[in-house]
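Handing you a structure now.
The values are calculated or read from the model by the stated rules, or taken from the named source; none is laboratory data. Worth saying up front: this structure is predicted, and the values here are computed from it rather than measured. When we count neighbours, we look across all protein chains shown, and the Cβ atoms used for this are built from the backbone with ideal geometry, even at glycine.
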Amino acid sequence: MANYKVVSMPGDGIGKVVLPEAIRVLDAVGFDADYIHADIGWEFWCTEGNALPERTVDLLAEHKLGLFGAITSKPKAKATAELDPSLRDKGHVYFSPIVGMRQRFQLDVCLRPCRSFPGNPLNFIRRTVDGGFEEPKVDAVIFRQNTEGLYCGIEWTNPPAGVRDGLALHPKYKAFADVPPEELAMSVRLFTRKACERILRASFAYAKKHGYPGVTVCEKPNVLRETSGMMETVAAEVQKDYPELKLWSTNIDAQMMWLTKNPEDYGVLVAGNLFGDIISDAFAGLVGGLGFACSGNIGDDVAVFEPTHGSAPKYEQLDPPIVNPIAMILSGAMLLDHVDEGAKADRIRGAVAAVVAEGKVRTYDMLKLPGGPEVFQRGAASTRELTDAILANL
């Protein structure tokens with residue numbers, strides 16, 4: 001019997017393309033696992049009214065490990081329009097299945113490494129005063145609180161009277177008191193001390209283990225005084241248990257400027273759900289884009305690993321496929337780290353680094369080409385060819 005059982009959730013679009021490539025690499029590096037297919041994504045919303053079927057939840061609860069590809073997500077009106085007619089007007093509301101997994105299993109620690117590979121033509125560079133250029137090493141690891149904040153799902157359009165009455169207790173609500181409720185839409189940004197402490201302890205422990213000098217809290221406490229303020233307060237408390245590490249604080253807007261000015265100055269960053277999502281995508285853009293952006297969603301019992309790119313359905317049917325599988329492959333390496341198979345994970349990252357540095361096999365994004373079947377005529381490698389190059393290096 002295999003040592004591990006991993007729930008395999010390709011999902012939508014290019015998720016179905018890249019996840020099998022990651023499994024090829026995991027097999028080649030000697031990871032002893034069985035992969036159990038699970039249903040998730042837009043198809044199951046349309047046909048069942050649930051993009052995260054309970055049978056998939058049950059598999060994750062049983063096996064604890066998941067590899068996830070990508071999902072298609074659409075606004076409320078379009079989601080309702082694509083629902084099977086027999087399911088309409090029966091109370092079904094689309095909810096992101098990855099957000100659903102995070103909340104069902106309290107996968108509240110989202111870990112997103114953004115590291116540059118030397119030789120990647122998509123890496124961030126800047127001019128030097130003598131007219132040349134330099135390519136700073138980017139090694140940022142973003143800890144994103146995964147289950148609360150503005151993504152917690154507490155929202156209303158035309159909020160009920162009880163909600164409006166509660167908000168009327170706050171003096172700032174006076175400016176909206178006369179707005180007709182049908183013209184109101186609101187989302188709640190909710191932080192808890194427990195979740196703040198968990199994400200901060202995870203970030204400080206990671207910084208200590210991997211030799212980073214400290215942790216940067218990236219929020220907006222000068223405006224979001226209560227929620228961002230709680231994150232900063234708890235950070236100061238946690239830092240006392242790590243006196244050898246420094247604690248810095250930046251505002252999200254200023255941080256977005258600084259990371260494109262001097263990204264090498266930043267290591268471990270921690271933020272709430274929305275700001276963590278923004279800053280991790282921004283850093284990903286400095287190291288090659290979403291084709292290189294991997295992540296892990298980690299709870300006490302269950303962990304799910306995924307690339308942060310979307311489903312890009314327009315590319316799913318291209319044959320051969322053109323998309324970059326590296327983000328999915330690196331997500332598989334993160335799974336290996338999680339189960340203490342770090343040597344295998346390092347071999348994968350080393351093979352990816354070697355292929356990128358050699359520069360002979362590059363997908364269309366690495367050649368800065370618009371996507372489409374014609375990219376092969378311009379020297380782009382297919383998805384499978386890039387994986388083959390990584391396997392050959394292994």
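For region 345-361, does any single residue satisfy the condition of being more than 24 Å from Phe124 (Cα to Cα) and touching a strand residue (DSSP E or B) at 6+ places or on another chain (Cβ under 9 Å)?
no
Per-residue answers, yes or no, for (1) out of contact with any helix residue (DSSP H, G or I) (no Cβ under 7 Å at 6 or more places or on another chain); (2) in the same structural domain as Ile98 (by TED's automatic domain parsing); (3) closer than 30 Å to Glu374 by Cβ; (4) touching a residue at least 60 places away in the same chain (Cβ under 8 Å):
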site	(1), (2), (3), (4)
His309	no, yes, yes, yes
Tyr315	yes, yes, yes, yes
Val323	no, yes, yes, yes
Ala333	no, yes, no, no
Leu336	no, yes, no, yes
Ala343	yes, yes, no, no
Asp346	yes, yes, no, no
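Find all pairs meeting these conditions: Cβ atoms under 6 angstrom apart; at least six residues apart or on different chains; first residue within region 150-164 and touching a residue at least 40 places away in the same chain (Cβ under 8 Å); second residue part of a loop (DSSP other than H, G, I, E, B).
Leu150/Arg189
Now for a separate question. Please verify whether Thr250 is at negative phi, of a type in the set (S, T, N, Q), free of Cβ contacts under 8 Å to residues at least 60 places away in the same chain and crowded, with 18+ Cβ neighbours inside 10 Å, treating the condition exactly as stated.
Yes; evaluated as a whole, the condition is true for this residue.
For region 346-379, name all the residues that are surrounded by 14 or more Cβ atoms within 10 Å (Cβ to Cβ) and of a type in the set (D, E, K, R).
Selection gives Asp346, Arg347, Arg349, Arg362, Asp365.
Here's a check for you: in region 196-246, which residue that is within 20 Å of the chain's Cα centre (by Cα) and charged (D, E, K, R) is farthest from Gly299 (Cα to Cα)?
Glu219
Moving to a separate point now. Do we find a residue being crowded, with 17+ Cβ neighbours inside 10 Å and not in a helix (DSSP H, G or I) anywhere in region 166-188?
No, region 166-188 contains no residue that is crowded, with 17+ Cβ neighbours inside 10 Å and not in a helix (DSSP H, G or I).
Of all strands (runs of 3 or more DSSP E) completely enclosed by region 1-72, which ones contain at least 3 residues that are surrounded by 21 or more Cβ atoms within 10 Å (Cβ to Cβ) and at pLDDT 95 or above?
4-11, 65-70
Any residue that is of a type in the set (D, E, K, R), crowded, with 17+ Cβ neighbours inside 10 Å, in contact (Cβ under 8 Å) with a residue 12 or more places away in the chain and closer than 20 Å to Gly288 by Cβ - is there at least one of those in region 112-134?
Yes, region 112-134 has at least one match.
Considering only region 220-247, state which residues are surrounded by fewer than 17 Cβ atoms within 10 Å (Cβ to Cβ), hydrophobic (A, V, I, L, M, F, W, C) and either modelled with pLDDT under 95 or not in a helix (DSSP H, G or I) (or both).
Correct list: Val223 only.
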